[in-house]
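Remarks on the structure that follows.
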Ligand SMILES: Cc1cc2nc3c(=O)[nH]c(=O)nc-3n(C[C@H](O)[C@H](O)[C@H](O)COP(=O)(O)OP(=O)(O)OC[C@H]3O[C@@H](n4cnc5c(N)ncnc54)[C@H](O)[C@@H]3O)c2cc1C
Ligand SMILES: Nc1ncnc2c1ncn2[C@@H]1O[C@H](COP(=O)(O)O)[C@@H](O)[C@H]1O
């Protein structure tokens, strides 16, 4: 089976966001980047799928040289090789998906794992866009996955429960926490990763369909009120919730 | 031919979701401002509550109908919507950013050559153009965007856009979908028994490591039940296996915008705040006065959850039964 996993590079979730001088992007100085947390579930599932069915695994990322570090982490977790789609221009989700879809069609992949969402721009759509553009199937927000010959059954998280979804290969699966427990790269994995092939391919960024007009920080909240230090403050709290906030 | 805005409607158990009606309200408002005609499309086997759509301002309701559409089919719904949109020259499509809308809208957009802005918290006409605001970095920043393709798709965050009554008469057209694409389809729904989901709840009571052990979570559950609220959790207690992941609030859990969020024994790490900071009112109960949760709480009690929660539950029961 030919298996891909797509990873995105995101600021550490503890990052304090600052806006850059142009007012349209974040200021990246001093920001450290990590593998998008949901992509760790995608990587793990790709490795497990190969362990079960054999074949090869490739980690694909669209971006620049700075993406190599997270790709090495995927290699250390057991992915066989890497492909960096190196793009110079600005990309929106649609552009990333176009590039991934081209690669996936050309590469003849059977299954492509992604995260359900990047925790930077929180768009939650590269998986679906890629599948739609490549003309293949897609199941999002998966918490369980079974592959049997050509057929795929997954459970996806919805409001108040799960949906059981049936489909077939080739397919894009987007991973939600709960799909598996990602392994930690061990020392051998980290050493091996250094020797694994990480190929680069120059690609041209399609022109973005979504234009960012401005980026801003939300207005800071006015300081709240401390009502007390024990349960004697409870009646006042309940009164405020009823009379001032009017939420109960 | 006048230009068209299409609101895509989601039903569960024969009922139209509140978030879809929020989308209808917004579509009706934008239609009026832009001079576009509005249509509501319901991919379904049957439509029980069309009058509700009309109540919030869209009278022209199109049922994209097939008996297989009683369950969600990502491929089937997408193809039906795309074909309808193409045939009728739809220019703007609105979805709500629910589990279904998030899944469906990005399949539809590329097939219409459309750009898409997801999870919008504002969508307004500015100088004749649609301008959206969407939270990024889990609400730590806001992005103002416009979509430059001819056809435009937006998904709207639930619980943010108001329901605006604007009654008109319902006129349901039936478009039968004869050969639906069922290559990806839902075969079964497994419900978490009787539980209200944090993503849809108007009030949430969340517990964190301050509860000390999973056995103490009944304190949170009882307060939630007194308030008719959903139970939420910090990642610390989800990772510890005390609570299911579906309850996790935060950057790698759910983003919530209830009218009231009560944080019990939660420190307020930046990743937790990211998921709940835009709640309308926030109450924090924590014994550490320097806990970061107090920086965003409207009302706080610096005290012991074990002492406060039972009293709070009783007091709530008292006032809400009056
Ligand atoms: C990549 C990444 C993603 C993350 N995503 C999320 C996420 O989505 N959601 C999330 O919640 N976290 C997330 N986290 C974890 C986050 O950083 C915190 O570790 C977590 O939120 C802490 O949970 P907590 O507040 O329950 O526990 P703690 O931080 O341990 O806080 C417990 C609090 O309880 C108080 N307390 C103790 N005893 C009592 C008592 N008797 N009465 C009253 N108060 C008491 C303490 O003063 C303390 O403030 C993420 C972290 C990373 C690295
Ligand atoms: N630049 C990228 N390169 C490779 N994969 C990506 C990229 N951006 C997003 N993805 C994948 O798409 C998923 C969803 O991201 P998003 O739609 O941006 O929220 C991520 O979890 C990744 O698996």
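Please treat every number below as a calculation from the coordinates, not as lab data. Every value quoted in this text rests on a predicted model; they were computed, and no experiment measured them. Note that each Cβ is placed from the backbone with ideal geometry, even for glycine, and that neighbours are counted across all protein chains shown.
Yes or no: the range A:41-61 includes at least one residue that is in a loop (DSSP other than H, G, I, E, B) and closer than 23 Å to residue A:203 by Cα. Looking through the range A:41-61, none of the residues is in a loop (DSSP other than H, G, I, E, B) and closer than 23 Å to residue A:203 by Cα. Scanning for something farther than 20 Å from residue A:178 by Cα and touching a residue at least 24 places away in the same chain (Cβ under 8 Å), does the range B:243-258 turn up at least one residue? The answer is yes; a qualifying residue exists. The residues in the range B:110-130 that are farther than 29 Å from residue A:37 by Cα and buried (at least 19 other Cβ atoms within 10 Å of the Cβ) can be counted, and the count is 3. Which residue pairs have Cβ atoms closer than 6 Å, lie 6 or more positions apart in sequence or on different chains, and pair a first residue in the range B:208-229 that is without any contact (Cβ under 8 Å) to a residue 24 or more places away in the chain with a second residue that is buried (at least 19 other Cβ atoms within 10 Å of the Cβ)? Sorted first by the residue in the range B:208-229, then by its partner, the pairs are B:221/B:231; B:224/B:205; B:224/B:231.
Scanning the range B:12-43 for residues that are over 20 Å from the mean Cα position of the chain (by Cα) and without any contact (Cβ under 8 Å) to a residue 60 or more places away in the chain turns up B:31, B:32, B:35, B:36, B:37, B:38, B:39. Restricted to strands (runs of 3 or more DSSP E) entirely inside the range A:138-248, those with at least 1 residues that are at the interface with chain B (Cβ under 8 Å from one of its Cβ atoms), in contact with a strand residue (DSSP E or B) (Cβ under 8 Å, 6 or more places away or on another chain) and farther than 30 Å from residue B:154 by Cα are A:225-228.
The set of residues in the range A:122-135 that are more than 6 Å from ligand 2 (Cβ to nearest atom) and buried (at least 23 other Cβ atoms within 10 Å of the Cβ) comprises A:128, A:129, A:130, A:131, A:132, A:134.
Going through (1) surrounded by fewer than 22 Cβ atoms within 10 Å (Cβ to Cβ); (2) out of contact with any helix residue (DSSP H, G or I) (no Cβ under 9 Å at 6 or more places or on another chain); (3) assigned to a helix (DSSP H, G or I) one by one, residue B:48 falls short only on (3). Please indicate, with yes or no, whether at least one residue in the range A:75-92 is within 14 Å of chain B (Cβ to nearest Cβ) and more than 9 Å from ligand 2 (Cβ to nearest atom). Yes: the range A:75-92 contains one or more residues that are within 14 Å of chain B (Cβ to nearest Cβ) and more than 9 Å from ligand 2 (Cβ to nearest atom).
Among residues of the range A:219-233 that are under 21 Å from residue B:141 (Cβ atoms), those with a Cβ under 8 angstrom from a residue that is in a loop (DSSP other than H, G, I, E, B), sequence gap 6+ or separate chain, pair up as A:221/B:277; A:221/B:296.
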